[in-house]
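Colleague: Dumping the structure here so I can ask a few things about it.
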Amino acid sequence: MEYATFLVGEDLFAIPVALVQEIGKPVEIFPIPGHDPRVAGLVNLRGRTAVALDLRRALLGNLADAIPRRRSKFIVLETTDTLSTEAREMGLDSHRETLVLVADEVQGIVDGQKMEFHPPPAHVSERYVEGVMKVNERLMTLISIPRLVEDLMPHKEDVP
Amino acid sequence: MDAETKELLDGFVVESRENLELAQKKLLALEESPDPETLNELFRAIHTVKGASGFFQLTTLGGLAHIGESLMSKVREGEIPVTPPLVDLLLKTTDTLLGMLDRDDLGQGEEVSELSGKLKATLEAGAASATNSDESVAPESALPTEPVPDIPDSDNTSAPQATPPPPPAPAPVVSVPAPSHPAATAAVHHAASAPQTIRIGVEVLDQLLELIGEVVLGRNQLIVSHRDDPIFKGLSRSITRLHQHVIRTRMQDVGSLFERYRRTVRDLSQQLGKKIEISIEGGELELDRTVLEGLSDPLTHLVRNAVDHGLESAEERSLAGKQVVGTVSLRALHESGQIMIEVEDDGRGVDIERVRVKIVERGLATTEEAATFNEKEIIDFLFHPGFSTRDVVSDISGRGVGMDVVKTNLERLGCSIEVTTHLGKGSVFSISIPLTQAMVNSSVISGLIVGIGSCTLAIPQMAVNEVVRLSGDDRRNRIETVHGREVFKLRDKVIPLVHLEDILEIPRTYAAPDGSAALERREKLADRRAGEPLSFLDERRRKLDRRMRTELLIVLHYKQNWFGVLVDRIVGTEEIVVRRPPELLKGRRVFAGSTILGNGTVSLILDIGGMVEMAHLDFADRSRALSAHIGRSSLPEVEQRVVVFTYAEGEYFAIPVNLLSEVDRCSIDEVRKVGSREFIQRHGASVPLLRLEKLLNVTPLDISHGSFVVLTPSRLSYPTAIVAGKIEGTLVLGEDINTKEANEKGVMGTFFRDGRLISLIDIYSLLQKSDPDHYHCDVQADLQNCRILLAEDQLFFRQLVVQYFRSHGIRSVKAVVNGREAIDELGQNPTGYDVVVSDIEMPVMNGYQLVSMIKSDPRLAKIPVMALTSLEGEANVQKGFEAGFDAYEIKLDKDKVLRCLDRLLASKGGRKGL
């Protein structure tokens, strides 16, 4: 399976290439007032409204401000409906609506088997981390989009 | 069964169901007016079922249909009369057929011998009476292969007159061709009138809606840059039409749901032995089909409830002095951003005290507690599970599981329900559907675009009452704190005030003592989550001193209540395509959806109900507290009052009261003549007298004996007094003014009151005629190209003012009936008008609100706005200018209106009228 890799801060992350619709230059993000800052805001993708996720905040947490931001890149994801049949057969899933991941830099495509990814180390408690893998001496983290989204959904305690 | 046959069978079931349902609907109408086409349709529906059943070997279904068809055949030929028992039988038959179609075995195992028997009996009874007549020619079956009865031999008809006329039996065959070939004609009719339907999945339609939404958004972004491109214009028009049609696939008119209840009411009322009628209003209103479906069960319960519990029996009603026939009314209407569905009955109403007793009996409260409940709280208990005031559980609806389920189901749809009731008079159950539920994804609404901080948001225009620009003075004097909440004094009302930042859960900025702005630090939800908000607290805003900015207050209404929201700026109004809010925004009640504005900005749409919730506005208590604190003031008078006087005996005239400065008596001794003119002394000056007979075709008044009356119009450049005979009194003008008599000669119109014909005088025309040197309208000639938008709700004044303008050659006058229509028209055509002339008191949106909206919209702010009103007095004029009017004139003062128009257009700088 091929993975699209990208940098968020200094860290390398990956998602299955089949989930990626396109990589693009960032366009204006319209923030959502009073909302979870991990949701960067809404964007206008050629007439479609999509939700942009601020990966720096979502994946780096409190460290996001400490590390300087580079040029951003938009990773536009397929929706569950637009995923190819092969992708679905491989057990991949995306989100019902179009999502845009705001990363710092997009790296290349890495070929790997799912089993080459080791389970996340014990101290990593985030549910959206599917596994870790060493690529050129560097640690790469595999992300699960559905679980990331789930993490970002407003929870009952939060709603007033 | 193979796939192909299954598909055919499915098709048969769907089609038969549709035909039978349609036929049933018509059956109900049949009772009122037997209509041959209905009978034909019913026949065809059953006939089709019979025919197809044979193909699929559905013997039970086919058998029942066959007898039904035979019966229908006789009915439509008139052999069997249409009576209520017959309609009942036919209804039962179609019900049974429909029921069979719903079963897996398509009714094969159904027991229908009883029904068949009844049908046969009716058929035979009809046949028996029919054989007595000579009209026994129509064949029973519909097949064209039946032998056609003999046509009379041509020899007979061409024989000399001595031959007796042909026997009556064959003649009808010649002159009535239809019954002899019913199948042929039926087939032709069927082909011509059968509704074409196809089945399509909901997902396909939803995708269509998404796509059309994108197309419209894309088009909207091109409107400005492609303004002059004719190809684009054509494309744009097609897109608009396409959009409307696609929306309609998901929307359905409420009437289709309401109509089903005719049957319900009829059957139920018969069953209970009551006389009840149903009335349906607002059926044209459209809703999303899924919402409509969701309303079906609750409405059914409410309707049955009204018939069973609400309405009394005929005897009870007549004893109570009510009309014997009770009414259940179903209504759908649009109101302040909500759609209301109402079920009203004129029955007994809810007995509050009886409910109070039941509450205690059911153990839901103690007697002491129950005693403190007010009417609304008691009614709320009706929706409590397990509550029912019926002692005997009836089959109909007294089970006590009804109302709470209704409420829960409605809440699941995002709707709410309220009850208003009057003991002895009836009850109204009101379901309110918020706009966001009723709207279909990709529908277009009018939105007011506002800004707060760097954020742009849209507010559904239909919830907006008005926009108020607050000056520093306003902030000091009109904002107060009551019970810890900020409120705003809006004319005669006091409304709660809300900061949009609070609703959105973002920090407010305020002016710190050293002049710089700072953010309010508050412990709130955002703090609990990771990190700080991303970017909208931009540097520029932080540096602004809030005190210096003009604050804008948007007055919104939610159901019957008003509240105000403070925003930073108004961007304008736009037609926006509503998109569902993204899933990641679930739980933010304040957002109803999102849209993309013409300039590409993604803007969230605010939900009024959500705003009310986030601001914790509780209107019920609030109104009590506020009215106690502030005290109420009454609304200004809207009526146009006239003085009625007689001239010569029997001729009545009227002049608007607010155009007169004095009314007093005079005697002939005071009159001085100079030539043919007459004068009296008033306030140290000679005032000429105006006699009506000199200008109008009326009987002359003899003032030589005794005293007479003079009426002095106000604000005249050259004072004149009008002679009158006797003052009869004053009255309020109604809508019933006949303007056919209106002409240049001095009469604006006529009307009747208490059997008397009264002529309404146009003072200024009279003056122009009597004193042309002093009174003439020196309006510039190029005023004629001026384009006027007039907002006036009363027909008479609308006609009058339009006539003012037309009589001076102004051709382009568009009249609308309230402020909302005016702002909509301006929204669609912002450069189409040179001046707006508006009444103050209008329904839906009044003149103050209209001018506020015009002056806040950058596209429209430069258009001069003239207020035309019946309200006189300094205070009103002041209020008018404060609201933003450029000029303020009295409706019936034509001269001034035209001069004012002139002035406004001149000051605009060149009257191009382009």
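The values are calculated or read from the model by the stated rules, or taken from the named source; none is laboratory data. Just so we're clear, the structure is a prediction, and the values are computed from it rather than from any experiment. Positions of Cβ are backbone-derived with ideal geometry, glycine not excepted, and every protein chain shown enters the neighbour counts. These area figures cover heavy atoms from the full protein model, side chains too; ligands, DNA and RNA do not enter into them. Shrake-Rupley method; radii C 1.70, N 1.55, O 1.52, S 1.80 Å.
Colleague: Name every residue in the stretch B:68-88 that is surrounded by fewer than 18 Cβ atoms within 10 Å (Cβ to Cβ) and either within 15 Å of B:Leu27 (Cα to Cα) or of a type in the set (A, V, I, L, M, F, W, C) (or both), in order of residue number.
Modeller: Answer for the stretch B:68-88, where residues must be surrounded by fewer than 18 Cβ atoms within 10 Å (Cβ to Cβ) and either within 15 Å of B:Leu27 (Cα to Cα) or of a type in the set (A, V, I, L, M, F, W, C) (or both): B:Pro81, B:Thr83, B:Pro84, B:Pro85, B:Val87, B:Asp88.
Conditions tested, residue by residue: (1) in a helix (DSSP H, G or I); (2) closer than 30 Å to B:Ser416 by Cβ; (3) basic (Lys, Arg); (4) out of contact with any Cys (no Cβ under 8 Å at 6 or more places or on another chain).
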site: B:Gln207; (1), (2), (3), (4): yes, no, no, yes
site: B:Gly213; (1), (2), (3), (4): yes, yes, no, yes
site: B:Val224; (1), (2), (3), (4): no, no, no, yes
site: B:Gln252; (1), (2), (3), (4): no, yes, no, yes
site: B:Leu268; (1), (2), (3), (4): yes, yes, no, yes
site: B:Gly283; (1), (2), (3), (4): no, yes, no, yes
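Colleague: Can you pull out every residue in the stretch B:235-271 that is over 20 Å from the mean Cα position of the chain (by Cα) and open to solvent by 60 Å² or more (accessible area, probe 1.4 Å)? Let's see the steps before the verdict.
Modeller: Going residue by residue through the stretch B:235-271, those that are over 20 Å from the mean Cα position of the chain (by Cα) are B:235-243, B:245-246, B:249-250, B:260-271.
If the condition is that a residue be over 20 Å from the mean Cα position of the chain (by Cα) and open to solvent by 60 Å² or more (accessible area, probe 1.4 Å), then B:Leu235, B:Arg237, B:Arg241, B:Leu242, B:His245, B:Arg260, B:Arg262, B:Gln270, B:Gln271 are the ones that fit.
Colleague: Can I ask one more? Looking at the stretch B:21-47, I want the residues that are free of Cβ contacts under 8 Å to residues at least 24 places away in the same chain and have a partner that is open to solvent by 20 Å² or more (accessible area, probe 1.4 Å) and of a type in the set (Val, Ile, Thr) with Cβ atoms under 7 Å, at least 6 apart or on another chain. Which pairs are those?
Modeller: none
Colleague: Look at B:Thr38 and say whether it is within 43 Å of the chain's Cα centre (by Cα) and part of a helix (DSSP H, G or I). Talk me through it step by step, then tell me what you get.
Modeller: Working: within 43 Å of the chain's Cα centre (by Cα): yes; part of a helix (DSSP H, G or I): yes.
For B:Thr38, the condition - within 43 Å of the chain's Cα centre (by Cα) and part of a helix (DSSP H, G or I) - is met.
The rows are residues; the columns are (1) open to solvent by 20 Å² or more (accessible area, probe 1.4 Å); (2) of a type outside the set (Gly, Ala, Ser); (3) part of a loop (DSSP other than H, G, I, E, B).
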| position | (1), (2), (3) |
| --- | --- |
| B:Trp562 | yes, yes, no |
| B:Ile570 | yes, yes, no |
| B:Ile576 | no, yes, no |
| B:Ser594 | no, no, no |
| B:Ser603 | no, no, no |
| B:Gly610 | no, no, no |
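Colleague: Continuing with the same structure: Provide a single number: the residues in the stretch B:311-331 that are open to solvent by less than 10 Å² (accessible area, probe 1.4 Å) and of a type outside the set (D, E, K, R).
Modeller: So the count comes out to 4.
Colleague: Moving to a separate point now. From A:Asp81, A:Asp151, grab the single residue that is within 14 Å of chain B (Cβ to nearest Cβ), surrounded by fewer than 16 Cβ atoms within 10 Å (Cβ to Cβ) and assigned to a helix (DSSP H, G or I).
Modeller: That would be A:Asp151, the only listed residue that is within 14 Å of chain B (Cβ to nearest Cβ), surrounded by fewer than 16 Cβ atoms within 10 Å (Cβ to Cβ) and assigned to a helix (DSSP H, G or I).
Colleague: Quick one: B:Val112 ticks every box in (1) within 45 Å of the chain's Cα centre (by Cα); (2) buried (at least 16 other Cβ atoms within 10 Å of the Cβ); (3) closer than 26 Å to B:Leu8 by Cβ; (4) not polar (S, T, N, Q) except a single one, so which number is it?
Modeller: (1)
Colleague: Another one. For the stretch A:37-55, give me the residue count where each residue is open to solvent by less than 10 Å² (accessible area, probe 1.4 Å) and either in a strand (DSSP E or B) or within 9 Å of another protein chain (Cβ to nearest Cβ) (or both).
Modeller: From the stretch A:37-55, those open to solvent by less than 10 Å² (accessible area, probe 1.4 Å) are A:37, A:39-43, A:47, A:50-55; that's our starting set.
Keeping just the survivors that are either in a strand (DSSP E or B) or within 9 Å of another protein chain (Cβ to nearest Cβ) (or both) gives A:37, A:39-43, A:47, A:50-54.
Qualifying residue count for the region: 12.
Colleague: Now a separate question. Just checking, does the stretch B:287-306 include any residue being of a type in the set (Lys, Arg), touching a helix residue (DSSP H, G or I) at 6+ places or on another chain (Cβ under 7 Å) and within 14 Å of chain A (Cβ to nearest Cβ)?
Modeller: Quick first cut of the stretch B:287-306, residues of a type in the set (Lys, Arg) only: B:289, B:304.
From what is left, the residues that are touching a helix residue (DSSP H, G or I) at 6+ places or on another chain (Cβ under 7 Å) are B:289, B:304.
So of that shortlist, the ones also within 14 Å of chain A (Cβ to nearest Cβ) come out as none.
Checking the stretch B:287-306: not a single residue is of a type in the set (Lys, Arg), touching a helix residue (DSSP H, G or I) at 6+ places or on another chain (Cβ under 7 Å) and within 14 Å of chain A (Cβ to nearest Cβ).
Colleague: Quick one: which strands (runs of 3 or more DSSP E) sit completely within the stretch B:637-708 and have at least 2 residues that are out of contact with any Pro (no Cβ under 9 Å at 6 or more places or on another chain) and loosely packed, with under 15 Cβ neighbours inside 10 Å? First the steps, then the outcome.
Modeller: Details: elements: B:641-646, B:652-656, B:660-667, B:672-674, B:677-682, B:685-690.
The strands (runs of 3 or more DSSP E) meeting that bar are B:660-667, B:672-674.
Colleague: Shifting gears a bit: Kindly evaluate A:Glu157 against the criterion of being over 21 Å from A:Asp54 (Cα atoms), at pLDDT below 90, within 14 Å of chain B (Cβ to nearest Cβ) and surrounded by fewer than 18 Cβ atoms within 10 Å (Cβ to Cβ).
Modeller: yes
Colleague: Hey, another quick one. Residue pairs, Cβ under 9 Å, 6 or more apart or interchain, first in the stretch B:72-83 and in contact (Cβ under 8 Å) with a residue 24 or more places away in the chain and of a type in the set (Ser, Thr, Tyr), second open to solvent by less than 20 Å² (accessible area, probe 1.4 Å) and assigned to a helix (DSSP H, G or I). List them.
Modeller: B:Ser73/B:Phe43; B:Ser73/B:Pro182
Colleague: Looking at (1) surrounded by fewer than 15 Cβ atoms within 10 Å (Cβ to Cβ); (2) within 14 Å of chain B (Cβ to nearest Cβ); (3) on the phi > 0 side of the Ramachandran plot, which is the one condition that is false for A:Leu63?
Modeller: Result: A:Leu63 passes all but (3).
Colleague: Out of all the residues in the stretch B:578-592, which are more than 8 Å from every other protein chain (Cβ to nearest Cβ), open to solvent by less than 40 Å² (accessible area, probe 1.4 Å) and part of a loop (DSSP other than H, G, I, E, B)?
Modeller: B:Val578, B:Val590
Colleague: Shifting gears a bit: Restricting to the stretch A:96-127, give me the number of residues that are assigned to a loop (DSSP other than H, G, I, E, B) and either in contact (Cβ under 8 Å) with a residue 40 or more places away in the chain or among the charged types (D, E, K, R) (or both). Give the derivation first.
Modeller: In the first step, residues of the stretch A:96-127 are kept if they are assigned to a loop (DSSP other than H, G, I, E, B); the result is A:96-98, A:104, A:112-113, A:117, A:119-127.
If we keep only those that are either in contact (Cβ under 8 Å) with a residue 40 or more places away in the chain or among the charged types (D, E, K, R) (or both) as well, we get A:96-98, A:104, A:112-113, A:126-127.
Adding up the residues that qualify gives 8.
Residue by residue, here is whether (1) part of a helix (DSSP H, G or I); (2) touching a residue at least 24 places away in the same chain (Cβ under 8 Å); (3) among the hydrophobic types (A, V, I, L, M, F, W, C) holds:
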position	(1), (2), (3)
B:Leu790	no, yes, yes
B:Tyr833	no, yes, no
B:Met845	no, yes, yes
B:Val851	yes, yes, yes
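Colleague: Is it true that some residue in the stretch B:455-475 is within 14 Å of another protein chain (Cβ to nearest Cβ), open to solvent by 10 Å² or more (accessible area, probe 1.4 Å) and at pLDDT 85 or above?
Modeller: Checked the stretch B:455-475: at least one residue is within 14 Å of another protein chain (Cβ to nearest Cβ), open to solvent by 10 Å² or more (accessible area, probe 1.4 Å) and at pLDDT 85 or above.
Colleague: Does any residue in the stretch B:643-660 that is charged (D, E, K, R) come within less than 7 Å, Cβ to Cβ, of a residue that is buried (at least 21 other Cβ atoms within 10 Å of the Cβ) six or more places away or on a different chain, and which pairs are these?
Modeller: Listed pairs, sorted by first residue: none to list.
Colleague: Return a yes/no flag: does the stretch B:271-279 have any residue that is in a strand (DSSP E or B) and among the hydroxyl-bearing types (Ser, Thr, Tyr). Reasoning before the result, please.
Modeller: Of all residues in the stretch B:271-279, those in a strand (DSSP E or B) come to B:276-279.
Of the ones still in play, those that are also among the hydroxyl-bearing types (Ser, Thr, Tyr) are B:279.
Scanning the stretch B:271-279 turns up at least one residue that is in a strand (DSSP E or B) and among the hydroxyl-bearing types (Ser, Thr, Tyr).
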